[in-house]
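Accompanying notes for the structure given below.
Where a number appears in this text, it was derived from the coordinates with a stated rule and is not lab data. Remember, predicted model here, so these are calculated numbers, not experimental data. Note that each Cβ is placed from the backbone with ideal geometry, even for glycine, and that neighbours are counted across all protein chains shown.
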Amino acid sequence: MGVKSKAAVAILVLLLFLGSLWLHGGLDYHWDSCLKGYNQENTLHNQLYNSSGADGAEGLQVIEGCPGQTFQVSMLLSHLKAASELTSDILLQPYLSSWDELVRFMEALGPMVGLISNEIETKTSIIRQLALLAEADPEAELVGPDIHSINGEVTETGEKTDKEASQPTGAYHSVRTMIWTELGRGQVNFHHQTDSGCRTLLRLHRALLWLKLFLEKLSETPVAGRLRSPSVLCREAYQGTLAHHHTWFVRKAAELAFIAMPERNFFFRLVCVQNQEELSMLLKRVVRSLGEVYDRTQSALEENGMLDLP
């Protein structure tokens, strides 16, 4: 075997390791595979338009179905909007559906980058499986503050003042109900790794920041008439986020994966836009929606001291 062949094999091995170690922040722990399930039936509107305000000024229509693409940005925006329906919480079901669409986005970028999505799918499956187990367990009741104390006000007659009054409040209904329930049941350990939904959510939360920052950079206007390559932007986003939680080995493997990132014209086709101006307007909408979900999740984790779960 020649030198080039050996180098190619070495790179492939590194990328395979990356697929399983991407979100762990180290080499000392590996999640067991969980059953995938909890598939939601989508009942959201696919075709979205910018609302009034800053979005209305942009006036960009999101195509209902982008022909030839598995990833659909309209679906991502729908799920993110649904996840943020509560006043200061995040609904877990549409949050996980948002990740399903983001996995399709990563898989569209090619097999090398797509390897990363395997670990994310494992983690969304962990939370879904925990939700199914809690639903089947009559003792798995919500433990902690009443969700109504955060999401809306109660009148003197005890009636809710908004649509959240009719929302179910199961253990894995939202980010905060999951946190309260797992804390109350002793599922979260602040010193040792546990198979908890909170620890899994933290890993997804970190990855969401990476994708948000990457898309934000991809929406930037040209500097001195030139646009930087998506591979460079993705590497920068990674170095500012997930790299802080990864070992040297994983960081180097990640940088190898980013080399295979498609060029910018590919992203035009992926979301059905014609040029960088349209791409920028669309991605800014996505980034704002991602930011809303990220900020609320960050607050919930921070308030419960969960930003550094092992």
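Can you check how the C-alpha radius of gyration of the range 160-279 compares to 2.2 N^0.38 Å, as a plain ratio? Before the final figure, lay out each step's value.
Values: Rg = 19.8 Å, N = 120, 2.2 N^0.38 = 13.6 Å.
Scaled against compact globular proteins, the figure is 1.46.
Amide H neighbours of VAL62 under 5 Å, at least 5 residues apart or on other chains, H built in the peptide plane: list them.
Amide H neighbours of VAL62, under 5 Å, 5+ apart: LEU48, ASN50.
Would you give the gap between the C-alpha center of the range 241-283 and the C-alpha center of the range 65-119, rounded to a whole Å?
If you average the Cα positions of each part, the centres end up 15 Å apart.
In whole percent, what relative contact order does the range 181-298 give with Cα contacts below 8 Å and a gap of six or more residues?
On the way: 85 pairs, mean separation 35.7, N = 118.
Once divided by the residue count of the range 181-298, the mean separation gives 30 percent.
At 0.36 nm per residue, minus the direct Cα-Cα distance, what do PHE249 and GLN193 gain on full extension? Give it in nm, one decimal, please.
Working: separation 56, 0.36 × 56 = 20.16 nm, distance 2.11 nm.
Result: 18.1 nm gained on full extension.
Calculate the spin-label point distance for GLN274 paired with THR87, positioning each point 7 Å from the Cα along the beta-carbon direction, and give it in nanometres.
4.5 nm
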